1. Give the range 191-203 a look and list any residue that's buried (at least 24 other Cβ atoms within 10 Å of the Cβ) and over 15 Å from the mean Cα position of the chain (by Cα), or say none.
2. Just to be sure, is Phe217 within 30 Å of Asn263 (Cβ to Cβ) and over 17 Å from the mean Cα position of the chain (by Cα)?
3. Restricting to the range 217-253, and then to whatever is touching a Phe, Trp or Tyr at 6+ places or on another chain (Cβ under 8 Å) and in a helix (DSSP H, G or I), can you tell me which residue is surrounded by the fewest Cβ atoms within 10 Å (Cβ to Cβ)?
4. What are the residues in the range 77-87 that are in a helix (DSSP H, G or I), out of contact with any strand residue (DSSP E or B) (no Cβ under 8 Å at 6 or more places or on another chain) and within 21 Å of Thr178 (Cα to Cα), if any?
5. What are the residues in the range 73-87 that are surrounded by 16 or more Cβ atoms within 10 Å (Cβ to Cβ) and either among the aliphatic types (A, V, I, L, M) or modelled with pLDDT of 95 or more (or both), if any?
6. Quick test of your reading of the structure: Leu138 fulfils all but one of (1) part of a helix (DSSP H, G or I); (2) surrounded by 15 or more Cβ atoms within 10 Å (Cβ to Cβ). Name the failing condition by number.
7. Within the group Leu40, Leu97, Leu34, Leu13, which residue is aliphatic (A, V, I, L, M), more than 22 Å from Ala160 (Cα to Cα), without any contact (Cβ under 8 Å) to a residue 24 or more places away in the chain and buried (at least 16 other Cβ atoms within 10 Å of the Cβ)?
8. Got at least one residue in the range 181-190 being within 25 Å of Asp254 (Cα to Cα) and in a strand (DSSP E or B)?
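The values are calculated or read from the model by the stated rules, or taken from the named source; none is laboratory data. Note that the coordinates shown come from a computational prediction; the quantities given were computed from them, not determined experimentally. Methodologically, a virtual Cβ is constructed for each residue, glycine included, from the backbone with ideal geometry; neighbour enumeration extends over all protein chains shown.
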Amino acid sequence: MTETNNEFDEDALAEAYNRALALEKSGDFDAAALAYAQVLALDPADHGGAAVRLAAIGKGETPEKAPEAYVETLFDQHAGAFEDILVDALGYCVPLLIRQQLQMLELGPFENMLDLGCGTGLTGGALRDLVAGEITGLDLSENMVEIAYEKELYENLYVAECVDYLHENEEGPFDIITAADVLPYIGALEPLFAGVAGNIKDGGLFAFSSETRDDAFTGAKGYKVGPSQRFVHSETYVRRSLAEAGFDVLSITDINVRMENGNPSPGHLVIARRM
């Protein structure tokens, strides 16, 4: 995992970030962009996610993924209340949807499993009885991993970034790899899908969710930072990236990923097989 620089003036950073956020909320995006530039100058590792906010307001290039320091900080801060917020308040149930889709397709049981972005262990809990052997989980947030560890669902747990782990891992290969709510923090899918392909058995399954918009919204890249500061992908791009990585799509299902300000966040649940 890439190391981040934690040495910065916290008071100055907080003042600059709050000013930028206030300007963004007021609709003065030009002034907000200048303020976010100051935030990045104070904190190049970008713990506050200024880069994705700039992209969301159309004042910065779309990054290939969210900054690691931002994702780690975001989920470390919310780990204690994560399930209450995501499941109860936002109606998130992707792990159960993965289980239902696997059962509908009559897939499983599995010898072993890798859970990318395991968080507090929701996917591990949903699929534990479908895996005869070991489940390995990993997440950027140490606080999330600690909560998952306490549930005793995983034989192996790591604090790591998904793509880094996949390209350095010497264990496996796995029968099934899951990535529930991971794609909203990754724009360019090619490194992730290539890493999954290199860690999965021939005929193994890759199950994941994505937040989806049409080609017109995502543009030529096939991905974009949406208004919620999460990445959205087009179905065309997801399908193309899977095919390039050597996967065959078994099912792609329309889902509501979560509620966002009282409105559904449209997305897809994908089950793909390594060819």
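1. Hit for the range 191-203 is Ile200, nothing else.
2. yes
3. Going through the qualifying residues, I end up with Glu244.
4. Within the range 77-87, Phe82, Glu83, Val87 qualify.
5. Leu74, Ala79, Leu86, Val87
6. (1)
7. The match here is Leu40.
8. Yes.
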